[in-house]
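Notes to accompany the following structure.
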Amino acid sequence: MNSRAILWVGLLCLVGGWPLVSNAQPLYFGSWGVSWPAGLALDEAGVLYVTSSSSGGGGHDGTLRTYTRDGALLRTVATGMNFPWGIAVASDGTMYVAEYLEGRVVILSPQGIVTGIIGPLSGPRYVILSRDGCLFVTDWSGILKFTTSGVFVSQWTIGGPSANLYGVVEDAQGNVYAADWENNCVWKCNATGVVVKQWGTFGSAPGQFWHPGGLAIDPEGRLYVSDGSNCRIQRFTLDGQFLDAFGSQGSGPGQLSATAGVVSGPWGETFVADRDNQRVCKFVDVATPTESTSWGRIKALYR
């Protein structure tokens, strides 16, 4: 974490502690280096899981590591994976990694031992645990559903032959959202896989996308879309209404380049895989201040 971020924490304490928010744009809080990060996940204890690759492409140089929410390395869980991408973590510590170039999802024990393989698949990108205890996996064929032991359940074909689904997330009502990297849109399906909403077109205006990737839903019920080639994160209501965006192209504090995975936890923190800058960035929600307060000046410094 950089010195400005540490100073920011100290100043926050002087003006009344750490106010979490429902309506403020997240502020950049810091970053740490990770070689070509891709997928992110948080477990119930607040441990951050990050998949990455040394070369940023093919080759068995992919790793899965865990970090504290302040970026301290905890352990290297697995190595030698071929372009790992999405990661999901069960409450018992079992991990599921979408190994893109091997065409499979790897099941790992809490100790990092391979206990199962789901596949072959056609380029799996992201994987999540569903509310009914199964797995959703996105690949070239759509959204696939499996039991956690790898038994096929169903397939949802979404977006036609041109679709290339990346991020996937499920809300509290069982609706499932998928980011379509190729068609520059987000699809919303009900619990049976029927499309009930679609939004987004190619572009850089609010609500438009250029290669959307990772998705997340925060405890406030906001949908985060990693807008990869626009180098930003956009936030929406669950019905697709644009709320705000943060990040811009570059390598400075708060800037992003080719974003991939995104995850938001119950601590008012959002983590972004800032892929081309080879780092993970942390943003924090804070209460919206009035302009007359010293906190207002602090906020201005850290945009």
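For the criterion of being over 22 Å from Ile128 (Cα atoms) and within 19 Å of the chain's Cα centre (by Cα), Gly213 fails.
Take the range 44-65 and flag every residue that is buried (at least 18 other Cβ atoms within 10 Å of the Cβ) and within 16 Å of the chain's Cα centre (by Cα). Don't jump to the end; show me each part of the working.
We begin by selecting, within the range 44-65, every residue buried (at least 18 other Cβ atoms within 10 Å of the Cβ); these are 48-53, 61-65.
Correct list: Leu48, Tyr49, Val50, Thr51, Ser52, Leu64, Arg65.
Yes or no: Ile128 open to solvent by 50 Å² or more (accessible area, probe 1.4 Å), touching a residue at least 24 places away in the same chain (Cβ under 8 Å) and among the aliphatic types (A, V, I, L, M)? No, not satisfied.
Of these, Ala72, Ala88, which one is surrounded by 13 or more Cβ atoms within 10 Å (Cβ to Cβ) and not basic (Lys, Arg)? On inspection, the qualifying residue turns out to be Ala88. Taken over the range 198-244, the criterion of being open to solvent by 70 Å² or more (accessible area, probe 1.4 Å), under 30 Å from Glu44 (Cβ atoms) and not in a loop (DSSP other than H, G, I, E, B) is satisfied by Leu243 alone.
Of the numbered criteria (1) under 30 Å from Val151 (Cα atoms); (2) without any contact (Cβ under 8 Å) to a residue 40 or more places away in the chain; (3) part of a strand (DSSP E or B); (4) not aromatic (Phe, Trp, Tyr), the one Gly86 fails is (2). Within the range 168-197, track down each residue that is touching a residue at least 24 places away in the same chain (Cβ under 8 Å), in a strand (DSSP E or B), open to solvent by 50 Å² or more (accessible area, probe 1.4 Å) and farther than 20 Å from Val153 by Cα. If the condition is that a residue be touching a residue at least 24 places away in the same chain (Cβ under 8 Å), in a strand (DSSP E or B), open to solvent by 50 Å² or more (accessible area, probe 1.4 Å) and farther than 20 Å from Val153 by Cα, then Lys197 is the only one that fits. With respect to the stated conditions, Val97 fails to be closer than 21 Å to Cys134 by Cα, open to solvent by 20 Å² or more (accessible area, probe 1.4 Å) and of a type in the set (Val, Ile, Thr). Inside the range 247-268, residues that are open to solvent by 10 Å² or more (accessible area, probe 1.4 Å) and more than 12 Å from the chain's Cα centre (by Cα) make up a count of 14. Among the numbered conditions (1) within 19 Å of Ala41 (Cβ to Cβ); (2) touching a strand residue (DSSP E or B) at 6+ places or on another chain (Cβ under 6 Å); (3) of a type outside the set (Lys, Arg), the only one that Gln111 does not meet is (2).
The values are calculated or read from the model by the stated rules, or taken from the named source; none is laboratory data. Quick caveat: nothing in here was measured; it's all calculated off a predicted structure. Reconstructed Cβ throughout: ideal geometry from the backbone, glycine too, with neighbour counts over all protein chains shown. Surface areas here come from the heavy atoms of the whole protein model, side chains and all, with no ligands, DNA or RNA. Shrake-Rupley method; radii C 1.70, N 1.55, O 1.52, S 1.80 Å.
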